[in-house]
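> Mind looking over this structure? Questions follow.
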Amino acid sequence: MTAPSVLVLNSGSSSVKYELVEPDSGVSLAHGIVERVVDYGEALKQVFAELPDLDGLVAVGHRVVHGGNRLYGPTLLDDDTIAIIEELAPLAPLHNPPALLGIAEARKALPDLPHIAVFDTAFFHDLPAAAAEYAIDRDIAERWHIRRYGFHGTSHRYVSEQAAAFLDRPIGELNQIVLHLGNGASASAVRGGRAVDTSMGLTPMEGLVMGTRSGDIDPGIMFYLWRTAQMSVEDIETMLNRRAGVYGLGGETDFRELHKRIDGGDEQARLAYEVYIHRLRKYIGGYLAVLGSTDVITFTAGVGENDAAVRRDALAGLNGLGIELDDGLNTAKSHDARRISAEGSPVQVLVIPTNEELAIARSCLALCDGR
Ligand code: ADP
């Protein structure tokens, strides 16, 4: 019998990423990306043209960025749940509307299969109130659903589970810090498998310095730019989302290029790197305090999995806190889950490749099977 497979779709503002996965074995049967998408119907036609036969296909999993307060578990998509995601569009204007277009076309193409949404916010749904709430007017926060939702949750959950499995320890007894450092970047503190803090907030703009996003800034900057520099709300939003972060400071988003420029004496690139590392260290220190102590710190995503210098500089000089890297392990090239802390370091430092598609596929199969 053919093993069950799930088609995972990630419909973004200009691309549709797809992966056909066998959740049980973790085998990826096909994956790809359709870029410069204008018409989502056409994009899905292209996806189906590129896919092998779909004999074992049992469900279509859709990555949806924002689930708001009402949607958090893997959610069967029907007219009612789709209407809720539509209502959430103002909270995630860049992300939820294209996901909905992808969902609509995929449901037309595969009407007999269950379509399931898995939300980036889900893992952080039950953050403790102290971490989830902003210190703003309570009535306004409630009326407008303003709280810290957190994002990259599928990755933080998956990586924290994989870290426990790698260490062969029950997740329930581990304190963990997970650093998802890709183009977007976020940190989380996880106690016993449950997220207790995360760096992204109402939107994915809060927290760490990212490829093109500023992360934390003084909200006063926005009023100042609006009033004094006469920038519009749209200009400010675009600047903070697309022309800030490592790119805004150093003119580059890719860390490989950034290092080359630093090596060539580019002071702007150096500043960008230093601001990035400084912010990252503040979050690591903050989460150590939130947790009291941590058993494991895990790096994941493009930068976290590949950039040994970022890992070294993020944790340099923290021996007094029980964090000691092994230089050889840190710089060894590998695509596997691995330990990079020194033998005897009280805190284990790991690199674990994230796999959001597999995590989404497993959530979908679990929902289909009632597992
Ligand atoms: P996304 O958030 O788009 O999913 P990824 O997790 O794929 O991003 O991370 C992309 C980033 O990873 C790139 O912008 C680049 O800075 C970084 N990256 C990828 N490979 C390497 C590498 N070998 N060394 C350093 N950085 C890398």
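The values are calculated or read from the model by the stated rules, or taken from the named source; none is laboratory data. Computed from a predicted structure; not experimentally measured. FYI the Cβ positions are ideal-geometry reconstructions off the backbone, even for glycines, and counts take in every protein chain you see. Surface accessibility is based on the protein's heavy atoms, side chains included, excluding ligands, DNA and RNA. Shrake-Rupley method; radii C 1.70, N 1.55, O 1.52, S 1.80 Å.
> Determine whether R339 is on the phi < 0 side of the Ramachandran plot, among the basic types (K, R) and open to solvent by 50 Å² or more (accessible area, probe 1.4 Å).
Working: on the phi < 0 side of the Ramachandran plot: yes; among the basic types (K, R): yes; open to solvent by 50 Å² or more (accessible area, probe 1.4 Å): yes.
Judged against the criteria, R339 is a match.
> Does H31 qualify as being open to solvent by 10 Å² or more (accessible area, probe 1.4 Å), in contact with a helix residue (DSSP H, G or I) (Cβ under 9 Å, 6 or more places away or on another chain) and at pLDDT 95 or above? Spell out how you get there, then give the answer.
Working: open to solvent by 10 Å² or more (accessible area, probe 1.4 Å): yes; in contact with a helix residue (DSSP H, G or I) (Cβ under 9 Å, 6 or more places away or on another chain): yes; at pLDDT 95 or above: yes.
Against the criterion (open to solvent by 10 Å² or more (accessible area, probe 1.4 Å), in contact with a helix residue (DSSP H, G or I) (Cβ under 9 Å, 6 or more places away or on another chain) and at pLDDT 95 or above), H31 qualifies.
> Sort out which residues of segment 12-38 are of a type in the set (D, E) and in contact with a Leu (Cβ under 9 Å, 6 or more places away or on another chain), and write them in order of number. Break it down into steps so the answer makes sense when it comes.
Of the residues in segment 12-38, the ones of a type in the set (D, E) are 19, 22, 24, 35.
E19, E22, D24, listed by residue number.
> Could you please give the count of residues in segment 153-211 that are of a type in the set (S, T, N, Q), part of a strand (DSSP E or B) and under 26 Å from N96 (Cβ atoms)?
Going through segment 153-211, the residues of a type in the set (S, T, N, Q) turn out to be 154-155, 160, 162, 175-176, 183, 186, 188, 198-199, 203.
Filter once more, so that each one left must be part of a strand (DSSP E or B): 175-176, 186, 188, 198.
Next cut, under 26 Å from N96 (Cβ atoms) only: 186, 188, 198.
Counting residues in segment 153-211 that are of a type in the set (S, T, N, Q), part of a strand (DSSP E or B) and under 26 Å from N96 (Cβ atoms) gives 3.
> Could you please find all residues in segment 236-253 being in a helix (DSSP H, G or I), β-branched (V, I, T) and within 13 Å of the ligand (Cβ to nearest atom)? I'd like the intermediate steps shown before the answer.
Filtering segment 236-253 for residues in a helix (DSSP H, G or I) gives 236-242, 245-250.
Among the residues that remain, those that are also β-branched (V, I, T) are: 236, 238, 246.
Within segment 236-253, just V246 meets the criteria.
> Quick check on segment 287-314: of everything there that is in a loop (DSSP other than H, G, I, E, B) and in contact with a Leu (Cβ under 8 Å, 6 or more places away or on another chain), which residue is nearest to the ligand (Cβ to nearest atom)?
Looking only at segment 287-314, we keep the residues that are in a loop (DSSP other than H, G, I, E, B), and these are 292-295, 307.
Pick out the ones that are also in contact with a Leu (Cβ under 8 Å, 6 or more places away or on another chain) and you get 294-295, 307.
Values: T294: 23, D295: 24, D307: 4 Å.
Checking each candidate, the answer is D307.
> Kindly indicate the residue of segment 133-185 that is within 16 Å of the ligand (Cβ to nearest atom) and among the small types (G, A, S) and also surrounded by the fewest Cβ atoms within 10 Å (Cβ to Cβ) among those meeting that condition.
Once the filter is applied, the top-ranked residue is G182.
> I would also like to ask the following. Exactly one condition in (1) at pLDDT 95 or above; (2) open to solvent by less than 20 Å² (accessible area, probe 1.4 Å) is not met by G41; state its number.
Looking at each condition in turn, G41 falls short on (1).
> Applying the selection to segment 8-40, what residues are charged (D, E, K, R) and part of a strand (DSSP E or B)?
Initially, segment 8-40 is screened for residues charged (D, E, K, R), giving 17, 19, 22, 24, 35-36, 39.
The answer is K17, E19, E22.
> Has segment 317-331 got at least one residue that is assigned to a strand (DSSP E or B), within 15 Å of the ligand (Cβ to nearest atom) and either surrounded by fewer than 17 Cβ atoms within 10 Å (Cβ to Cβ) or among the hydrophobic types (A, V, I, L, M, F, W, C) (or both)? Explain how you work it out, then say what you get.
Here is the first cut: in segment 317-331, the residues assigned to a strand (DSSP E or B) are 323, 325.
Add one more test, that the residue is within 15 Å of the ligand (Cβ to nearest atom), and what stays is none.
Checked against the condition, which is being assigned to a strand (DSSP E or B), within 15 Å of the ligand (Cβ to nearest atom) and either surrounded by fewer than 17 Cβ atoms within 10 Å (Cβ to Cβ) or among the hydrophobic types (A, V, I, L, M, F, W, C) (or both), segment 317-331 yields no hits at all.
> Kindly indicate whether R256 is among the charged types (D, E, K, R) and either within 16 Å of the ligand (Cβ to nearest atom) or in contact (Cβ under 8 Å) with a residue 40 or more places away in the chain (or both).
Values: among the charged types (D, E, K, R): yes; either within 16 Å of the ligand (Cβ to nearest atom) or in contact (Cβ under 8 Å) with a residue 40 or more places away in the chain (or both): yes.
So R256 passes the test.
> Follow-up question, since we're still on this one. Let me spell it out: the conditions are (1) over 30 Å from G32 (Cβ atoms); (2) among the hydrophobic types (A, V, I, L, M, F, W, C); (3) open to solvent by less than 30 Å² (accessible area, probe 1.4 Å), and V275 meets all of them except one. Which number is the exception?
Every listed condition holds for V275 apart from (3).
> Please specify each residue of segment 207-230 satisfying the condition of being within 16 Å of the ligand (Cβ to nearest atom) and either over 23 Å from P93 (Cα atoms) or open to solvent by 30 Å² or more (accessible area, probe 1.4 Å) (or both).
The answer is T212, R213.
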